[in-house]
Amino acid sequence: MRRSLILAYGIASYVVFLATFLYAIAFIGGFAVPTRLDGPAVGSLTTAFLVNAGLLALFAVQHSVMARPWFKSAWTKLVPAAAERSTYVLLSSLALILLFWQWRPMGGVVWSVENPAGRVALWGLYAGGWALLLWCTFLINHFDLFGLRQVWLEFRERPYRPLSFVTPGPYGIVRHPLYWGWLIAFWATPTMTVAHLVFSVLTTVYILVAIQFEEHDLIKEHGGRYAQYRTQVPMLLPFGRRRAVEKSVTAH
């Protein structure tokens, strides 16, 4: 019974994530959903900025702190280890849902591309960013990343084994192609409003900070293998001196 409940919880958490992910695409793109990133100003700009920054900070703290090994070690004393990742995914989704609900549009236009071909190109880049992000999750095992593998193994009474460290596809070009997907999706827009700019700048700063914590944990976990990977592959910008990377050497 306990294993069945954990499996059901993991599946439900994934469904919430999937709905949140799809809503995020429409929320940032500004179509087909009741709340959107852009729009006429709501209240004073100062209040809107503080609310929006607070919502992003809440997500950033939750998303980063719960991903740290020391937090996982303490957290799994309260929740089953098999459900730890699903709980992380669920709470991340809830933090985003709160952001969608309480976000304050700020009005104003920073830039607007009026050329039809330019607009189509930027919308194509926007879609490409989300596609890259999703593709990268499958390259590093989508089902493990979102907790389904863990709850399924628990249901089947099989031990969980961490994934081996490999560098498939774009992971041989930059160390964090998944974050590239986020950055493209956040910045590729034909109409950049004030609220969109605030969102893009603050999330970019968060990503740059989060990478430092993530790489610190990866070095502790994988030692010299990840340290070597860092010398071979750039962090985000796909240029600079690079040596060939053995795909069996590293992974997420």
For Cα Rg over 2.2 N^0.38 Å, which listed value, (1) 1.08; (2) 0.98; (3) 1.03, comes from the coordinates shown? (1)
Gap in Å between the Cα centre of region 131-203 and the Cα centre of region 46-77? 18
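As a test of the formula, what do you get for the chain when each DSSP H run with n ≥ 4 contributes -39,500 (n - 2.57) and the sum is divided by the residue count, at 222 nm and rounded to the nearest 500 deg cm²/dmol?
Numbers: 10 runs with 160 residues, N = 252.
So the calculated ellipticity at 222 nm is -21000 deg cm²/dmol.
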Please give the contour-minus-distance gain from A57 to T204: 0.36 nm per residue of separation, less the Cα-Cα distance, rounded to one decimal in nm. 51.7 nm
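Arrange the following residues from fewest to most other Cβ atoms within 10 Å of their Cβ: F31, F138. If you can, show how the numbers build up before the last one.
Working: F31 9, F138 12.
Ordered from fewest to most neighbouring Cβ atoms within 10 Å, F31, F138 come out as F31, F138.
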Can you tell me the orientation of helix 45-65 relative to the chain, as the angle in degrees between its alpha-carbon axis and the longest Cα principal axis, to the nearest 10? 10
Using alpha carbons only, how many degrees (0 to 90, rounded to 10) separate the axis of helix 194-222 from the longest principal axis of the chain? 10
What list do you get for I6, I28 if you sort them by fewest beta carbons within 10 Å? I6, I28
Mean-square fluctuation maximum in Gaussian network of the chain, Cα pairs under 10 Å, restricted to W152, W135, W111, hits W111
When the chain is treated as a Gaussian network with springs between alpha carbons less than 10 Å apart, the largest mean-square fluctuation among L125, L202, L163 is found at L163
Could you work out how far helix 2-29 tilts from the main Cα principal axis of the chain, as a 0 to 90 degree angle to the nearest 10? 30
What's the exposure ranking of D217, D38, going from fewest to most Cβ atoms within 10 Å? D217, D38
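None of the figures in this text is laboratory data; all of them are computed from the coordinates on show. Bear in mind the structure is a predicted one, so any value in this text is a computation, not a measurement. Cβ: placed from backbone, ideal geometry, glycine included. Neighbour counts: every protein chain shown.
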